[in-house]
Amino acid sequence: MNRILPGVIAMAAVVVASNILVQFLILDGLLTWGAFTYPVAFLVTDLMNRFYGAAAARKVVLAGFVTGIICSLIGSQVMLEFGPAVPLRIGVASGIAFLIAQMLDISVFDRLRRGIWWKAPLASTVVGSIVDTALFFSIAFSGSISFGAEADSATAWALDSMPFMTFGADQPLWVSLAVADWMVKFAVALIALVPFRMITGKLNATIQ
């Protein structure tokens, strides 16, 4: 447990920070500050996978999952002007998307770990982030999924029609939110290759 403790702490910090920062909107509501911190979870997972293997990375992900559940439970009790800070649909969507996407990231990384150094972290993060975005936004906001009238009403604002990404054809708001969110995830995946390379290089030199 001691060897993965830094990973557990880092993952918990990312999850907590993202749950707080998601409350702050930017770019006319297309994004939140949490969109920039959440993808760091993939970096934490990939680093743990690189040094300690898939089993250790899964333990770190489970720690992040539990942390996320706690954050959602606390957020569901914090009442804002339009309802709870974390509505039921968003809490459920967040947990499902995080767990499945991170576990998929681990599997993809493990398959590619012996290739060129950047291939495993980039491919696993891109695949994981696509699944994360698709699951979260469809479960949290799509009109094709229902959690009951009361739960659905808390996220009904995302079904409002608006120009896609503020300039395209009209689409439900959540579609633009999903695309903007994934664009940030992809950008962070590229940027994260730098710290991934630096950290793995330093630790490999220390081990040797």
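Those residues that are small (Gly, Ala, Ser) and modelled with pLDDT under 95, I need them from segment 2-33; list them, please. Please lay out each step first, then the result.
Filtering segment 2-33 down to residues small (Gly, Ala, Ser) leaves 7, 10, 12-13, 17-18, 29.
Answer for segment 2-33, where residues must be small (Gly, Ala, Ser) and modelled with pLDDT under 95: just Gly29.
Identify, from the list Val194, Val184, the residue that is assigned to a helix (DSSP H, G or I) and open to solvent by 80 Å² or more (accessible area, probe 1.4 Å).
It is Val194.
Filter segment 26-43 down to the residues that are outside any helix (DSSP H, G or I) and closer than 25 Å to Asp160 by Cα, then identify the one that is most open to solvent (accessible area, probe 1.4 Å).
Trp33
Find all pairs meeting these conditions: Cβ atoms under 6 angstrom apart; at least six residues apart or on different chains; first residue within segment 1-14 and at positive phi; second residue at pLDDT below 95 and of a type outside the set (Ser, Thr, Tyr).
Partner pairs satisfying both residue conditions: none exist.
Taking the condition under 11 Å from the mean Cα position of the chain (by Cα), under 21 Å from Ala180 (Cα atoms) and not β-branched (Val, Ile, Thr), does Gly95 pass? If you could, list the steps in order and put the result at the bottom.
Working: under 11 Å from the mean Cα position of the chain (by Cα): yes; under 21 Å from Ala180 (Cα atoms): yes; not β-branched (Val, Ile, Thr): yes.
Criteria met by Gly95.
Taking the options Leu135, Leu173, name whichever one is free of Cβ contacts under 8 Å to residues at least 40 places away in the same chain and open to solvent by 30 Å² or more (accessible area, probe 1.4 Å).
Leu173
Within segment 131-174, take every residue that is of a type in the set (Val, Ile, Thr) and modelled with pLDDT under 95 and give me the one that is farthest from the chain's Cα centre (by Cα). So that I can check it myself, show each step before the final result.
First pass over segment 131-174, keeping only residues of a type in the set (Val, Ile, Thr): 131, 133, 139, 145, 155, 166.
Of the ones still in play, those that are also modelled with pLDDT under 95 are 145, 155, 166.
Working: Ile145: 21, Thr155: 19, Thr166: 24 Å.
So the residue we want is Thr166.
Tally the residues that are assigned to a helix (DSSP H, G or I) and either surrounded by 21 or more Cβ atoms within 10 Å (Cβ to Cβ) or among the polar types (S, T, N, Q) (or both), restricting the search to segment 15-25.
3
Pairs please, first residue from segment 39-67 and touching a residue at least 24 places away in the same chain (Cβ under 8 Å), second anywhere and surrounded by fewer than 18 Cβ atoms within 10 Å (Cβ to Cβ) and among the acidic types (Asp, Glu), Cβ atoms under 6 Å, 6+ apart in sequence or on different chains.
Partner pairs satisfying both residue conditions: Ala54/Asp110.
Any chance segment 93-100 includes a residue that's out of contact with any strand residue (DSSP E or B) (no Cβ under 6 Å at 6 or more places or on another chain) and either over 23 Å from Ser146 (Cα atoms) or of a type in the set (S, T, N, Q) (or both)?
If we filter segment 93-100 for residues that are out of contact with any strand residue (DSSP E or B) (no Cβ under 6 Å at 6 or more places or on another chain), which is where we start, we get 93-100.
Narrowing further to those that are either over 23 Å from Ser146 (Cα atoms) or of a type in the set (S, T, N, Q) (or both): 94.
The answer is yes; a qualifying residue exists.
Farther than 20 Å from Gly95 by Cα, small (Gly, Ala, Ser) and surrounded by 12 or more Cβ atoms within 10 Å (Cβ to Cβ): is that true of Ala154 in this structure? Explain how you work it out, then say what you get.
Numbers: farther than 20 Å from Gly95 by Cα: no; small (Gly, Ala, Ser): yes; surrounded by 12 or more Cβ atoms within 10 Å (Cβ to Cβ): yes.
When the stated conditions are applied, Ala154 does not pass them.
The values are calculated or read from the model by the stated rules, or taken from the named source; none is laboratory data. Source: prediction; values computed, not measured. Neighbour counts run over all protein chains shown; Cβ positions are idealised from the backbone, glycine included. What goes into the accessible areas is simple: the full protein's heavy atoms, side chains included, and nothing from ligands, DNA or RNA. Shrake-Rupley method; radii C 1.70, N 1.55, O 1.52, S 1.80 Å.
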